[in-house]
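Working notes, beginning with the structure itself.
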Amino acid sequence: MKQSHTLIPTLRETPADADIRSHQLLLKAGYIRQNASGVYSFMPLGKRVLQKVEAIVREEMDSAGAAEILMPALQQAELWQESGRWYTYGPELMRLKDRHEREFALGATHEEVITSLVRDEVKSYKRLPLTLYQIQTKFRDEKRPRFGLLRGREFIMKDAYSFHSTQESLDEIYQKLFEAYTNIFTRCGLDFRAVIADSGAMGGKDTHEFMVLSDVGEDTIAYSDTSNYAANIEMAPVIADYPKSEEEHNELQKVETRNQKTISDITSYLQVGADKCVKSLLFKVDEKYVLVLVRGDHEVNDIKVKNLFAATMVELAGLEETQALLSCPVGSLGPIGVQNVEVVADHAVKAIVNGVCGANEDHYHFVNVNPSRDFSVSQFADLRFIQEGDPSPDGEGTILFAKGIEVGHVFKLGTRYSEAMNASYLDANGRSQSMIMGCYGIGVSRTVAAVAEQFNDEKGLIWPANLAPYHLHLVAVNMKDENQSILSETLYKELQANRFEVLFDDRQERPGVKFADSELIGLPIRITVGKRSAEEIVEIKIRKTGETIEAHKDELIEIVTELLKSL
Ligand code: 9G3
């Protein structure tokens, strides 16, 4: 492709409103342009990278035995009403009406559509298992779109859905697609981990997220420093045991703690460690209120609270709700003497001896609190976030944290959608059974941004060879110089005849601009036709290392073929 024919609008300045490196560079190098908040156009270079990622995804999904389809983005409201999600999703689900006032959703995901498709076409167990996938645009009206392609409101997803007559069959396809995902992200050159994720009420044994390690990631991964255990921090169970201290149980006392509100106020005012404090938080769990207790140096994991009660909604009670229910401010909450709410506690609370907790009275706390003696809980459970230094849940090593970008997510759905939407088949005995389902997503446009985030330097992007928009950047320093224009045109033809993808910078631009653009765009190899073109000598430069080689045009193909193998 000649640059004088395409559109690569590189910027001299780094865009001010782009907060992370990949977003800055994809804009600055002319790969994407923003249309609206969270809505982007892929420019020629960006579109080619997107296609390279899609090609890898297709190869791996096809070899895993999945069949590609394409479903509509326009989805009838009736389907979402059948699954019930028309009513449970809020403004994030984009909705519209057609000219007849019929209601539609813009597809945020396709469980409803695929289930309605398969229930109409598959009636017998003989047609199962079946795995279908698509690569398609999704719409989610994110509250805070940010970081460019990492969190957009319109994005490209590969979403796959599998249908089974047995759990074993689902387990088998899940494993096969798990491996396909591993291949996909490995071929993209990404540093990723498959982490145990929270699947909501199912308790996490049924879902994994594929996380690219990155400081700009929104998710936190808890991983073992010795084994390959890795889990989304929301999911990671805590197996720490808490040694009970032998000290005497002193007499409970109520002390005045005027204006001491937070755990840190209390620990410094009463000179006790946070690990001796009982932190009490009031949560609204669906329609009821629950007082959740954790040790002062721990944090409540609301996902674990949600899973404990198999709730659909869990949120911290507001100040006025708290005041109304327990007639005291949040800073004085405690479990002692609480009547009208259920109290649950994290295991660590059980081991507290002579601790401190709120007295449910403004400006007062209790000291010498001993859980078994001074208050009762409906149950002790694992309710806290895992922390760095905790033992790894697989019993090997200790936990460290890392930030991750979620690029893939695989679920064992069970019959959640097939039951709600009557997707059933006749089994070998002629009995009607609900199909067992799995679903598997990859953020394709998000993966492009994750690669850009992982591969760049201060000059610009550095694409791995198999994802780069073109393999070679052929740059003629001065197209007015006859030797240079003849040699570069010849090379352009020869390289393409040898099946290299070549971007030819044939513009009438100053050399400095051409070289700066080349570093910014980030193709793996640059071939410069310059001052030694009369001797038919060119300069080869490797973008990743900066290394340059001078070579005669006749050895160019061989050298470049060899170099690309390791880039
Ligand atoms: C919605 C909206 C946002 C959503 C969903 C539905 C996330 C929604 C979860 C999934 C599950 C899997 C198939 C591919 C892999 C992921 N955000 N999810 O269902 F209406 Cl507005 O998408 N779907």
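The values are calculated or read from the model by the stated rules, or taken from the named source; none is laboratory data. Fair warning: this is a prediction, and the values are worked out from it, not measured in the lab. Quick reminder, even Gly has a Cβ in these numbers, built from the backbone with ideal geometry, and neighbours come from all protein chains shown. Areas reflect the complete protein model, heavy atoms only, side chains present, ligands, DNA and RNA absent. Shrake-Rupley method; radii C 1.70, N 1.55, O 1.52, S 1.80 Å.
Mind ordering 10-20, 531-541, 207-217 by average Cβ neighbours within 10 Å, highest first? Let's see the in-between values first.
On the way: 10-20: 12.0, 531-541: 17.2, 207-217: 22.3.
Ranked from most to least packed, the peptides come out as 207-217, 531-541, 10-20.
For Thr166, put the label point 7 Å out on the Cα→Cβ axis and report which residues of region 437-462 keep their amide N under 20 Å from it.
The answer is 437-439, whose backbone nitrogens lie closer than 20 Å to the label point.
Explain nothing, just the number: relative contact order of the chain, from Cα pairs under 8 Å at least 6 residues apart, as a whole percent. Walk me through the numbers on the way to the answer.
Values: 1195 pairs, mean separation 91.7, N = 567.
Once divided by the residue count of the chain, the mean separation gives 16 percent.
Can you give me the convex hull volume of the Cα atoms of region 65-186, divided per residue and expressed in Å³? List each step's numbers first, then the result.
Numbers: hull volume 16.4 nm³, N = 122.
Considering the Cα atoms of region 65-186, their hull volume per residue is 135 Å³.
So, how do all the Cα-to-Cα distances of region 253-381 break down into 10 Å bins, in percent, from 0 on up?
Final binned percentages: 14, 48, 33, 5.
Send over the semi-axes of the chain's equivalent ellipsoid, whole angstrom and largest first, taken as the square roots of 5 times the C-alpha gyration tensor eigenvalues.
In descending order, the three semi-axes are 54, 32, 22 Å.
Provide the FRET efficiency to the nearest 0.05 for the Ser378-Glu179 pair, computing r from the beta carbons and using R0 = 56 Å. Display every interim value, and only then the final one.
Values: r = 43 Å, r/R0 = 0.77.
The formula returns an efficiency of 0.85 here.
Starting from the Cα of Glu562, step 7 Å along the direction of its Cβ; do the same at Thr398; then give the gap between the two resulting points in nm.
Distance between the two pseudo-spin positions: 4.9 nm.
Going by average Cβ density within 10 Å per residue, which order do the peptides 438-445, 419-426, 335-342, 464-471 take, highest to lowest? All intermediate terms of the calculation are to be shown ahead of the outcome.
Values: 438-445: 24.5, 419-426: 17.0, 335-342: 14.9, 464-471: 21.0.
Going by the mean number of other Cβ atoms within 10 Å, highest first, we get 438-445, 464-471, 419-426, 335-342.
Where in region 278-300 does the amide nitrogen come within less than 17 Å of the point 7 Å from the Cα of Ser245, taken along Cα to Cβ?
Flagged as within label range: 278-279, 295-298.
Run the helix sum for the chain: -39,500 (n - 2.57) per DSSP H stretch of 4+ residues, divided by residue count, reported at 222 nm to the nearest 500 deg cm²/dmol.
Working: 16 runs with 158 residues, N = 567.
Calculated from helices alone, the mean residue ellipticity at 222 nm is -8000 deg cm²/dmol.
What's the ranking of 481-493, 400-412 by average number of surrounding C-beta atoms within 10 Å, highest first? The partial results should precede the final answer.
Values: 481-493: 17.8, 400-412: 21.5.
In decreasing order of mean packing, 481-493, 400-412 become 400-412, 481-493.
Check region 229-305 and count each lysine pair with an alpha-carbon distance under 23 angstrom, considering only pairs eight or more places apart or from different chains.
The number of close lysine pairs in region 229-305 is 12.
To the nearest 0.05, how large is the calculated FRET efficiency for Val513 and Glu320 if R₀ is 41 Å and r is the Cβ-Cβ distance?
Values: r = 61 Å, r/R0 = 1.49.
About 0.10, to the nearest 0.05.
Along the Cα→Cβ direction, 7 angstrom out, place labels at Gln339 and Tyr289. What is the inter-label distance in nm?
1.3
For region 428-498 and region 217-249, what is the centre-to-centre distance using only Cα atoms, to the nearest Å?
Here the two parts' Cα centres lie 40 Å apart.
Which of the lysines could be linked to Lys565 by a straight reach, that is with a Cα gap under 16 Å, when you skip same-chain ones fewer than 8 residues away?
Cα-Cα hits under 16 Å: Lys541, Lys544.
So what's region 2-129 giving for Cα Rg divided by 2.2 N^0.38 Å, two decimals?
The value comes to 1.45.
Extent of region 464-536 along each principal axis, from alpha carbon coordinates, in Å, largest to smallest?
Dimensions of region 464-536 along the principal axes of its Cα atoms: 34, 27, 17 Å.
Set the Förster radius R0 to 56 Å, insert the Cβ-Cβ distance between Gln253 and Asn228 as r into 1/(1 + (r/R0)^6), and round the FRET efficiency to 0.05. Before the final figure, lay out the partial values.
Numbers: r = 49 Å, r/R0 = 0.88.
That gives a FRET efficiency of 0.70.
Pairs to check: Lys459/Lys514; Lys126/Lys158; Lys531/Lys553; Lys459/Lys480; Lys138/Lys158; Lys97/Lys143. Give those whose C-alpha atoms are more than 18 Å from each other in this structure.
Details: Lys459/Lys514 13 Å; Lys126/Lys158 27 Å; Lys531/Lys553 14 Å; Lys459/Lys480 27 Å; Lys138/Lys158 10 Å; Lys97/Lys143 22 Å.
Where the Cα-Cα span goes over 18 Å, the pairs concerned are Lys126/Lys158; Lys459/Lys480; Lys97/Lys143.
Stretch Thr220-Glu535 to full length: gain in nm at 0.36 nm per residue minus the Cα-Cα span?
107.8 nm
For the chain, which whole-number percentage of the solvent-accessible area (1.4 Å probe, protein heavy atoms only) is attributable to carbon and sulfur atoms? Each step should come with its number before you reach the end.
Values: 12540 of 25450 Å².
That share works out to 49 percent.
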